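Student: The structure under discussion is supplied below as structure tokens; questions concerning it will follow.
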Amino acid sequence: QVQLVESGGGLVQPGGSLRLSCAASGIIFRNHAMAWYRQAPGKQRELVAQITSGGSTNYADSVRGRFTISRDNAKNTVYLQMNSLKPADTAVYYCHTRIVSTNYWGQGTQVTVSS
């Protein structure tokens, strides 16, 4: 059974940093691309960053240069380092992977950027 468990969210002031983690189980982690999405209240879920099995990365324009996605295949974990956070980054952040034709999501972790 595939499980994705996020952690690391919280309340941070504008300009601050957070690191999100997503621990995966039930999959051969190193074989799969991983991604972070986010959903703000009243908005659609959007792709934030993704990393392929080979380590190539892609970012939404709104976070490029501020966020970094990385993976540790030995720990079956994907990370999202978020720097220079803005109130517009406030959202629930979800870990995602797709295997064959099935999407898998974590339960989400809340990130709130506010003074």
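Student: For labels at Gln3 and Ile28 in the simple 7 Å Cα→Cβ model, what's the distance in nm?
Tutor: 2.2 nm
Student: With a probe of 1.4 Å, find how much accessible area the chain has per residue, and write the answer as a whole number in Å². Before the final figure, lay out the partial values.
Tutor: On the way: 6120 Å² over 115 residues.
Counting only protein heavy atoms, the per-residue value for the chain is 53 Å².
Student: Then there is this: Going by Cα centres, segment 20-72 and segment 91-105 are how many Å apart?
Tutor: The two parts, judged by their Cα centres, are 9 Å apart.
Student: Which value in Å is the Kirkwood Rh of the chain over different Cα pairs? It would help to have the intermediate numbers written out before the result.
Tutor: Details: mean 1/r = 0.0711 Å⁻¹.
Hydrodynamic radius (Kirkwood, Cα only) of the chain equals 14.1 Å.
The values are calculated or read from the model by the stated rules, or taken from the named source; none is laboratory data. Worth saying up front: this structure is predicted, and the values here are computed from it rather than measured. A quick note on method: Cβ atoms are made from the backbone with ideal geometry, for glycine too, and the neighbour counts reach across all protein chains shown. The accessibility values were calculated without ligands, DNA or RNA, using every heavy atom of the protein model including side chains. Shrake-Rupley method; radii C 1.70, N 1.55, O 1.52, S 1.80 Å.
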